[in-house]
Amino acid sequence: MTLVTAAYSPSSSCATAGAVITLIFVAILSHQLAASAAEGPRVAKAMLLANLIGGFMAWVAHELIVINPTFTFMALTVLLLCFTLWNRLISGNPSAPLAATALTSALIILGGAMAPLGKDIDLKIFDRLFQLASALAWVLLSFVTIDEILPERRAAPQSAQ
C-alpha cells in the first residue's frame, strides 16, 4: 500500500488542486485493494458506476433547484436525494453498497455546484469521474506491477507425516 501511495505523491504535488482528491482516492483504493488484488477490476467498475449514478443524481437535483431557487425547495430536494439513496442502502439489495458511494458523490458534487462561486456542474461531474478513473488506473497498474516484482510467498508444501 505504501509503495502505491508514496509513488503517486510526487506527481500529485506537481499537478493542479484536483490532484489532492485524486491522492485521497489513491489512498482509499490502495487500502481497499491491498487485501484482494483479484477483486480490483470489480471494485473499480463499482466505484465508477456509483460515482456516475451520484453525479447524475446531483445533476438532476441541481437542475430542479435552478428551476425553483428557494431555500425550502433546495432543502427538500436534497432531503429527497438523501432519502432515496438511504432507502436503497438499507434495502439489503446486492447493489446497496453502491448507494453509499453514490450518496457521497452526489452530495459533494451538488454542494460544490451550489456554493457561491460554484458553477458548471457538468464539468464537476466529469472532473470527478476523470480523477477517479485516473486513480483507479494508477492503483490497478501499481498493484499488477508490484505483484510481478514482489510475488506473494507461496505456502511451503507440507511434508507428509
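Structure values in brief
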quantity: Region 45-103: equivalent-ellipsoid semi-axes (sqrt of 5 x gyration tensor eigenvalues, Cα, Å); calculated: 24, 13, 6
quantity: Spin-label model distance (nm) - ALA75 vs ASP122, 7 Å beyond Cα toward Cβ; calculated: 3.2 nm
quantity: Gained length - ALA137 relative to VAL43, 0.36 nm times residue gap less alpha-carbon distance; calculated: 32.7 nm
quantity: Whole-Hz ³J(HN,Hα) from phi, Karplus 6.51 cos²θ - 1.76 cosθ + 1.60, for region 131-143, glycine and proline x; calculated: 4, 5, 5, 5, 5, 4, 4, 4, 5, 5, 5, 5, 5
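Each value in this text was obtained by applying a stated rule to the coordinates, not by laboratory testing. Small disclaimer: the values here were computed from a predicted structure and weren't measured. Please note: Cβ atoms are built from the backbone with ideal geometry, for glycine as well, and neighbour counts cover all protein chains shown.
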